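Derivation of every value follows stated rules applied to the coordinates shown; laboratory data play no part. What you are looking at is a predicted structure, and each value in this text was computed from that prediction instead of being measured. Note: ideal-geometry Cβ built from the backbone for every residue, glycine included; neighbour counts use all protein chains shown.
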Amino acid sequence: MTGCPFASRRGFLAGGLAAGLAGVARVASAGDAPAPAEAAAKGITAASQGPGREQSVPFRGVRQAGILTPLQSHTYFAAFDLVATRQADVAALLARWTDAAERMARGEAARPPEPDLAKPGTDSGEAAGLAPSRLSVTFGFGPGLFERDGHDRYGLAHRRPEALVDLPLFNGDQLQESRTGGDLSVQACADDPQVAFHAVRQLARIADGVASLRWVQTGFSANFAADDTPRNLMGFRDGTQNPLSRRPLESVGGVVQPATKDAVWVGEDGPAWMRDGSYLVVRRIRVALEHWDGTEVEFQEQVIGRHKVSGAPLGGKSEFDPLDLDAVDADGNPVIPETAHVRLASAAANNGADMLRRGYSYNDGLSMVAERWPPWRQGLEYDAGLLFVCYQRDPREAFIPVFEQMSKLDMLNQYVTHTGGGLFACPGGAREGGFVGQGLFEAA
């Protein structure tokens, strides 16, 4: 038998199947590019041929990719339940996952080819011919890796980080078991949705017999310019207050609060195997878009605390104007309402608690819904909203206290419902020759 044609994505097109599947090949050069009408007929767009399509994100490093990596346009998040009974099998899986993720980040097949074509292929092949599209794969460990129902399954319970707590049930939560928790997490992000799905699909195949999929969620981000803050499905800019270099200052009590520098990474305060790692909180948040769309824009702006078109905080003129939480109007009322989303989420209103938000919109079609706020509509509505993703040094000092307050006071609660999610410890990156999370197993 001849070798598997999926040895690499580009190598696939050079194999015996190239003639039959040439339509999926990338445009090799400007001279070979089809005419505009022909390109449109084939689904080739400016976005699919954009510069990010050819770029790759290095998988190995001190820190995992996909956290500070500039936001890609698509994500495929997956949580797995472990079915293995031995610690060694879990460690071996992580080693295989590390190797496969590194290969796919370079634009290669997940595993070397199986030379015998009478056997199942080592790669399903749907990403053959596709560029890396800035694929990043980020791995996390849930509480179940360390202990489940009081049972130390893998001899790792004593290695569980103190920060990896069980998330409390917050006010208004309607978490579905089928969309919550997990022993391992994988978030694949890419500028091509097929590349992101391919990555998780291959990792799930590799995990057969060791871990099984528990729940998954796709997400997307609009194709805004690189220096623009994306808008969510409610039409507002989302991510302006991230602790990054462009973040505006916050003012409270007359004191300007600087952007937090150490909000994301675990340092000397954490276990050695978590150094340069981060804690991931993911939440699937359904938004009652029908209710939101029927709300006056002026009230929407009061709910969020920003102007819808410009993104400026109420009382400001541009998106990156300082968030002035002390400003009052002529009647002495706060310009940014006490229950506005941006106020309750700000570091200045939470004793400096901060986190890096890296969310995506999602759209899962229609579902039967009974709204929990007036007008209490029931029936088929969009099952769409936000896949909220945030990274922090310690969730006990960031997401948990911040959301504890927001879940009770945020005006946005009348439009949103949290239906799933989890908390995962994402260790530091894989060094050369090692695998993600190796320090945890060596210490054990």
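Here are the numbers:
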item: Gain on full stretching of the segment that runs from Val165 to Thr69 - 0.36 nm per residue minus C-alpha separation; result: 32.0 nm
item: Modelled FRET efficiency - R0 22 Å, Gln176 with Leu213, Cβ distances, 0.05 increments; result: 0.90
item: Fully extended contour minus Cα-Cα distance, from Phe224 to Arg377, at 0.36 nm per residue; result: 51.7 nm
item: Cleavage-rule hits, GluC sites (Glu not before Pro), segment 260-342, DSSP coil, Cβ neighbours within 10 Å at most 13; result: Glu268, Glu296, Glu338
item: For segment 250-426, size of Cβ-based charge dipole, Lys and Arg +1, Asp and Glu -1, in debye; result: 540 debye
item: Computed E for Ala327/Ala88 - FRET, C-beta separation, R0 56 angstrom, nearest 0.05; result: 0.40
item: Alpha carbon centroid spacing (whole Å) that separates segment 371-393 from segment 138-180; result: 23 Å
item: Three-way shape call for segment 288-379 based on the alpha-carbon gyration tensor, with the a/c threshold at 1.5; result: prolate
item: Simple label model, 7 Å out from Cα along Cβ direction - Asp276 to Ser124, nm; result: 3.3 nm
item: In Hz, Karplus ³J(HN,Hα) per residue of segment 386-401 (6.51, -1.76, 1.60; θ = phi - 60°; x = Gly, Pro); result: 10, 8, 6, 10, 9, 10, 7, 5, 7, x, 5, 10, 10, 4, 4, x
item: Global form of segment 250-426, assessed from the alpha-carbon gyration tensor, a/c cut-off 1.5; result: oblate
item: Cα centroid separation, segment 271-294 to segment 51-102 (Å); result: 18 Å
item: Cα gyration tensor, segment 105-192 - rounded (a/c under 1.5), prolate or oblate; result: prolate
